[in-house]
Amino acid sequence: MQAVSETTATDAPIRALIRPKDIARPEECRDMADEDDLILSELDDEELVAQMFDDLYDGLRDEIMEATQILLDRGWAPYDVLTKALVGGMTIVGNDFRDGILFVPEVLLAANAMKGGMSILKPLLAETDAPRMGKMVIGTVKGDIHDIGKNLVAMMMEGAGFEIVDLGINNAVESYLEALAREKADILGMSALLTTTMPYMKVVIDTMKEQGIRDDYIVLVGGAPLNEEFGRAIGADAYCRDAAVAVETAKDWISRRHNQMQAGA
Amino acid sequence: MLVIACGALAREILALIGQRGWDHLDLHCLPAILHNRPDRIAPAVEAAVTARRDRYDRVFVAYADCGTGGDLARSCARLGVEMIEGPHCYAFYEGVAAFEAKGEVTCFYLTDFLVRQFDAFVWEPLGLDRHPELRDMYFGNYTTLVYQAQTDDPALTDLARRHAERLGLGFERRLTGYGELETALARA
């Protein structure tokens, strides 16, 4: 891959990436070079978004950051870059993970690429009137230090317009409840990767019931050893099998709450 | 008696059979790689028990819960066979009560088997052979690799220490021996 720098009329440097589309054997490179070299800045919007889907899928962080900046420079609203290019591309990644085509390493690389794009967009989104869906407190439960799934959910929820308060790992019930109250959150998200730690989710939910605050929040749970039955048994509102389902479930529950509040008004 | 065991315990169980003179035990192992797919353990165990039990007076399942979330225990109860108490082999090698009392949430455990098979069971399934930059995403919250040694083998200890370096973790070795695997098989 060869990077060529050039300066635009606005003096903002744009780096054109010359990259072979497919990995070819060296003896094929000369023949393939002309038809397969790709310059992101020469793609129209539709082609560039499609290329971003491919680059997200392949976990190409630098390319995603480059393309994100190109779309912004073309006048795209930050929210549209986020939703149409980044979230759109990660949805495909999530679907293929669900179908067993991609595995955890590839999903992590794709997420890392999306984070690269979001690092450019987040300051700009804060300045705009991007729609705010709600606020979620999320963390891995006490005794559990695994956060890959939790981090993916947090990232996708941010992409969907939710404000995220990430408590990190190894959270006791007090940590969750203090954050929910302090942040006036709408949603509690709990994650666990171990069969030995997932029972703690029931401790948190039971404590919420004892304090009379269970119905004040939407409770979503997730993690590899969980399932629908477990989510129901512990009194969660929903079990979310992956980040994409978490986003749709959160939107659905937020919408229901708004409707209930309006009906009660 | 037939022992249906995880392949990761094969060497240890055969050693115990030899050391304790347990000629009455026949061992059948299931692929150790099921360690990475716990949802497949209970069905595999049930199939193995069902296929073989008619030839034996008794069957014992040398698995702990192993991430099945109680599925294996329910299968064993339905089949009328016993299994090893506890959440996993890391717990029964150290002693389940002692392991739980330690509450070591930031430790990553390797047994003799996993030290030998580290690349096949840890490094490559996590994609670290192709993408070593993912290492800290997986292991950034861990502090220590604990090598639970079933045998006193300096070469394995050295290998385990190198695995700790590859993962960017501190290193601790504990000579557990066969722990509650031995007592469970003796009682079975």
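The values are calculated or read from the model by the stated rules, or taken from the named source; none is laboratory data. Everything numeric in this text was worked out from a predicted model, so none of it was measured. We place every Cβ from the backbone using ideal geometry, glycine too, and count neighbours over all the protein chains shown.
Does segment B:112-145 hold any residues that are buried (at least 17 other Cβ atoms within 10 Å of the Cβ) and of a type in the set (A, V, I, L, M), and which are they?
Those that are buried (at least 17 other Cβ atoms within 10 Å of the Cβ) and of a type in the set (A, V, I, L, M): B:LEU114, B:VAL115, B:VAL122, B:LEU126, B:LEU128, B:LEU134, B:MET137, B:LEU145.
Given the conditions (1) free of Cβ contacts under 8 Å to residues at least 40 places away in the same chain; (2) assigned to a helix (DSSP H, G or I); (3) within 14 Å of chain A (Cβ to nearest Cβ), which single one is not true for B:HIS35?
With (1) free of Cβ contacts under 8 Å to residues at least 40 places away in the same chain; (2) assigned to a helix (DSSP H, G or I); (3) within 14 Å of chain A (Cβ to nearest Cβ) applied to B:HIS35, the lone miss is (1).
For the structure I just gave you, tell me whether B:ASP57 is more than 25 Å from A:LEU226 (Cβ to Cβ), away from every other protein chain (no Cβ under 14 Å) and not in a helix (DSSP H, G or I).
Working: more than 25 Å from A:LEU226 (Cβ to Cβ): yes; away from every other protein chain (no Cβ under 14 Å): yes; not in a helix (DSSP H, G or I): yes.
It is true that B:ASP57 is more than 25 Å from A:LEU226 (Cβ to Cβ), away from every other protein chain (no Cβ under 14 Å) and not in a helix (DSSP H, G or I).
Given the criterion buried (at least 17 other Cβ atoms within 10 Å of the Cβ) and away from every other protein chain (no Cβ under 14 Å), identify the matching residue among A:ALA263, A:ALA238, A:ALA224. Explain how you work it out, then say what you get.
Values: A:ALA263 fails: buried (at least 17 other Cβ atoms within 10 Å of the Cβ); A:ALA224 fails: away from every other protein chain (no Cβ under 14 Å).
Going through A:ALA263, A:ALA238, A:ALA224 in turn, the sole match is A:ALA238.
From A:ARG74, A:ARG98, which residue is at pLDDT 95 or above and within 30 Å of A:ARG132 (Cα to Cα)? Quick ask: steps written out before the conclusion?
Details: A:ARG98 fails: at pLDDT 95 or above.
Step by step, each of A:ARG74, A:ARG98 is checked, and only A:ARG74 is at pLDDT 95 or above and within 30 Å of A:ARG132 (Cα to Cα).
Could you please tell me which pairs satisfy a Cβ distance under 6 Å, a separation of 6+ or placement on different chains, a first residue in segment B:89-110 that is aromatic (Phe, Trp, Tyr), and a second residue that is in a helix (DSSP H, G or I) and surrounded by 19 or more Cβ atoms within 10 Å (Cβ to Cβ)?
Short answer, once both residue conditions are applied: B:PHE92/B:GLY179; B:PHE92/B:GLU180; B:PHE92/B:LEU181; B:TYR93/B:GLY179; B:PHE99/B:ALA91; B:TYR109/B:TYR90.
Restricting attention to segment A:81-103, report how many residues are within 14 Å of chain B (Cβ to nearest Cβ) and assigned to a helix (DSSP H, G or I).
Filtering segment A:81-103 for residues within 14 Å of chain B (Cβ to nearest Cβ) gives A:97, A:100, A:102-103.
Now narrow it down to the ones that are assigned to a helix (DSSP H, G or I): A:97.
Residues that pass the stated criteria total 1.
Take residues that are within 12 Å of chain A (Cβ to nearest Cβ) and out of contact with any Asp or Glu (no Cβ under 9 Å at 6 or more places or on another chain) and tell me which of the helices (runs of 4 or more DSSP H) falling wholly in segment B:76-186 contain 3 or more.
Numbers: elements: B:89-94, B:96-102, B:112-116, B:135-139, B:154-167.
Here the list reads B:135-139.
Taking A:LEU194 and the conditions (1) more than 14 Å from chain B (Cβ to nearest Cβ); (2) under 18 Å from A:VAL153 (Cα atoms); (3) not in a strand (DSSP E or B), which numbered condition does it fall short on, given that it satisfies the others?
For A:LEU194, the exception is condition (1).
Condition first: over 15 Å from A:SER119 (Cα atoms) and either touching a residue at least 40 places away in the same chain (Cβ under 8 Å) or of a type outside the set (D, E, K, R) (or both). Now tell me which residues in segment A:67-76 satisfy that.
Initially, segment A:67-76 is screened for residues over 15 Å from A:SER119 (Cα atoms), giving A:73-76.
Selection gives A:ASP73, A:GLY75, A:TRP76.
Here is a yes/no grid of residues against (1) out of contact with any strand residue (DSSP E or B) (no Cβ under 7 Å at 6 or more places or on another chain); (2) farther than 22 Å from B:THR151 by Cα:
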{"site": "B:MET1", "(1), (2)": "no, yes"}
{"site": "B:ALA5", "(1), (2)": "no, no"}
{"site": "B:GLY18", "(1), (2)": "yes, no"}
{"site": "B:LEU27", "(1), (2)": "no, no"}
{"site": "B:ALA32", "(1), (2)": "no, no"}
{"site": "B:ASN36", "(1), (2)": "yes, yes"}
{"site": "B:VAL59", "(1), (2)": "no, yes"}
{"site": "B:GLY69", "(1), (2)": "yes, yes"}
{"site": "B:CYS76", "(1), (2)": "no, yes"}
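Taking segment A:104-155, which residues are within 14 Å of chain B (Cβ to nearest Cβ), outside any helix (DSSP H, G or I) and either acidic (Asp, Glu) or surrounded by fewer than 18 Cβ atoms within 10 Å (Cβ to Cβ) (or both)?
Those that are within 14 Å of chain B (Cβ to nearest Cβ), outside any helix (DSSP H, G or I) and either acidic (Asp, Glu) or surrounded by fewer than 18 Cβ atoms within 10 Å (Cβ to Cβ) (or both): A:ASP144, A:ASP147.
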